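The values are calculated or read from the model by the stated rules, or taken from the named source; none is laboratory data. Predicted model only: the values in this text are computed from it and were never measured. Reconstructed Cβ throughout: ideal geometry from the backbone, glycine too, with neighbour counts over all protein chains shown.
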Amino acid sequence: MLYRFKSKATGDVVMLEPNGRQVLQILGRDPDGPGIIMPEQIPAAIEALRAAVEAEQARRREEAQAQGEEPTEPLEERVPLRVRVAPFIEMLQHCQREGCEVVWGV
């Protein structure tokens with residue numbers, strides 16, 4: 001399954017199911033149905049995603065320090081959250097400037 005995020009201001013952002021589900025859970029949205037992020041909700045969405053990225057990076061640093069190693073990406077997660085959500089954050093920022101919503105599942 002794919003998640004396709006759409007807006008009138010940008011091209012679509014497409015994510016594989018695990019990544020799209022994770023993003024929607026970070027945003028406190030139902031990943032099983034259609035949804036919308038209204039322009040006034042975009043700043044909070046961007047902050048939630050950035051906070052999740054910071055938390056993941058901090059967790060990885062702590063784990064590496066506990067093991068006395070340099071932080072590295074686990075084999076199953078070579079693409080960190082910050083990279084996976086970057087296009088979506090860019091979409092949200094553009095939609096915020098244009099005053100339009102982001103929808104999915106429609």
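Here are some notes:
- Residues satisfying the stated conditions in the stretch 13-37, i.e. closer than 11 Å to Val103 by Cβ and surrounded by fewer than 12 Cβ atoms within 10 Å (Cβ to Cβ): Pro34
- Restricting the stretch 1-10 to residues that are of a type in the set (A, V, I, L, M) and assigned to a loop (DSSP other than H, G, I, E, B), the residue that is surrounded by the fewest Cβ atoms within 10 Å (Cβ to Cβ): Met1
- Subset tally (residues that are out of contact with any Asp or Glu (no Cβ under 8 Å at 6 or more places or on another chain) and either assigned to a loop (DSSP other than H, G, I, E, B) or β-branched (Val, Ile, Thr) (or both)) for the stretch 11-46: 16
- Near pairs, Cβ below 8 angstrom, 6+ apart or cross-chain, from the stretch 83-98 (closer than 14 Å to Ala52 by Cα and touching a residue at least 40 places away in the same chain (Cβ under 8 Å)) to any residue that is small (Gly, Ala, Ser) and surrounded by fewer than 19 Cβ atoms within 10 Å (Cβ to Cβ): Val85/Ala52
- Pairing residues of the stretch 48-62 that are more than 16 Å from Ile37 (Cβ to Cβ) with residues that are at pLDDT below 95, at Cβ distances under 6 Å and at least 6 apart in sequence or on separate chains, gives Val53/Leu81; Val53/Arg82; Glu56/Leu81; Arg60/Pro71; Arg61/Pro71.
- Of the set (1) assigned to a helix (DSSP H, G or I); (2) exposed (fewer than 13 other Cβ atoms within 10 Å of the Cβ), all apply to Cys95 but (2).
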